[in-house]
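See structure below.
The values are calculated or read from the model by the stated rules, or taken from the named source; none is laboratory data. What you are looking at is a predicted structure, and each value in this text was computed from that prediction instead of being measured. A quick note on method: Cβ atoms are made from the backbone with ideal geometry, for glycine too, and the neighbour counts reach across all protein chains shown. Just the protein is used for accessible areas: all its heavy atoms, side chains included, with ligands, DNA and RNA removed. Shrake-Rupley method; radii C 1.70, N 1.55, O 1.52, S 1.80 Å.
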Amino acid sequence: SKCYFNKLSQEGRIDPKDYTFSGLKDETVGRLPGKVAGQQFVIQDCENCSIYIFDHSATITVDDCINCQIFLGPIKGSVFFRDCKDCKCIVACQQFRTRDCRKLEVFLCCATQPIIESSTGMKFGCFQYYYPELALQFKDAGLSIFNNIWSNIHDFTPVSGENNWGLLPENAVVQDYVPLPSSEELKAVRISTDATRSIIPITRGQRQKSSDESCLAVFFAGDYTTANARKLIDEMTGKGFQLVQTKEVSMKAEDAHRVFQQCASEFIPLLEKGPVVALEFDGDGAVEGCQSTINDVFSGTKIFVSESKASASQDVDNFYNFADMQMGM
């Protein structure tokens, strides 16, 4: 009947009000997994609020917010903070940008170089968060958990002699910045902020390295690539080595020659299955530690690992020179 069709067309329509938080004060608000489902979202004119978007979205703008705590699940495109101050955020996105902001503290996962403009007192740390739906939300947003250049900030408007941004302390506790939600509705989300459970591997990024010894390990595409990479990270960090950076990227035969050199022919057939996942570890004895872990834990899996301390730094440089070109950095 006619009414039936009318009802359907109305249900199918997107009401922007459902995708907006505007003019709120002293409130805790949010959206549960499945409720944003890849739409764009707007947050504006909020003060002293706790705001949680536990879902993936297309883009998010955050304007004129003061003293808010904000969690933004995976954003397929860009997040843009404008005219915000004294906010603490946890954000995962393809592109991150701020303009005219003051004192934002951000635990960030960003696939491209984060950009700040006319902003001061900005502090960044590595995204650290878990809830059961989050891994699939990263996939739905087309983001790789291994592509996170959170600490490589580009300041569009640098001021000579001043630094507009820095890194959060390494031991910063996520919940001290963005507490877990207090409202009944949002408590349904099963969150962990434990570093070992984080969906995004915690990387050192641009932080000072503890050693001049690095090691590159590269996993090839297959059913267990992600699980294997995570397992190696757990094993290595458990032994006291540090994860510097990670990267997921597609390689061609000529790239393999450049990166894997004399071992290339062994790995080239594996490249057709999909992108590789590369991990860079740091610490005295990292190469030997990585080799022995791979022999113990991954017998039978083909993995590239640096051969010696001497060749490792070259491996790392070769790989990241290739990957940065590939990703248009």
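Does the stretch 8-150 come out rounded, prolate or oblate, given a ≥ b ≥ c as the square roots of the eigenvalues of its C-alpha gyration tensor, rounded meaning a/c under 1.5 and, failing that, prolate meaning a/b above b/c?
Details: a/c = 1.71, a/b = 1.14, b/c = 1.50.
In terms of gyration-tensor shape, oblate.
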Most fluctuating residue given options Asp194, Asp284, Asp296, as computed from a GNM of the chain linking Cα atoms under 10 Å: Asp296
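Give me the percent relative contact order of the chain, please, defined on Cα pairs under 8 angstrom at least 6 residues apart. Don't skip to the answer; put the middle values down first.
Details: 722 pairs, mean separation 39.8, N = 329.
After rounding, I find 12 percent.
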Accessible surface of the stretch 128-229, 1.4 Å probe, proportion on carbon and sulfur as whole %: 48
Count charges around Thr301 for me, please; just the other residues with Cβ under 15 Å from its Cβ, Lys/Arg as +1, Asp/Glu as -1. 0
Taking Cα centroids, how far is the stretch 203-263 from the stretch 80-105 in Å? 29
Among (1) 66, 63, 34; (2) 55, 47, 43; (3) 115, 46, 37, the entry derived from the coordinates for Cα extents along the principal axes in Å: (1)
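Report the net charge of residues surrounding Gly274, where surrounding means a beta-carbon distance below 11 angstrom and charges are Lys +1, Arg +1, Asp -1, Glu -1.
Values: positive: Lys273; negative: Asp223, Glu248, Glu272.
Charge balance in the 11 Å sphere: -2.
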Going by amide H atoms built from the backbone, whose H comes under 5 Å of the H on Cys93, apart from near neighbours? Ile75, Cys109, Cys110, Ala111
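Looking at the chain, what % of its DSSP beta bridges pair antiparallel, to the nearest 5?
On the way: 17 of 71 bridges.
Taking every DSSP beta bridge with both residues in the chain, the antiparallel ones total about 25 percent.
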Please work out whether the stretch 22-104 counts as rounded, prolate or oblate from its C-alpha gyration tensor, where a ≥ b ≥ c are the square roots of the eigenvalues and a/c under 1.5 means rounded, while otherwise a/b larger than b/c means prolate and anything else oblate? oblate
Based on the Kirkwood radius over alpha-carbon pairs, what is the Stokes-Einstein translational diffusion coefficient of the stretch 207-298 at 37 °C with 0.692 mPa s viscosity, in µm²/s? 239
So for the pair Gln262, Met325, with labels modelled 7 Å out along Cα→Cβ, what separation do we get in nm? 2.3
Test of understanding: what is the full-extension gain from Asp15 to Leu136, defined as 0.36 nm times their sequence separation minus their Cα-Cα distance? 41.1 nm
With the cut-off at 1.5 for a/c, could you classify the stretch 97-235 from its C-alpha gyration tensor as rounded, prolate or oblate? oblate
Probe of 1.4 angstrom, ligands and nucleic acids ignored: what's the accessible area per residue over the chain, in square angstrom? 48
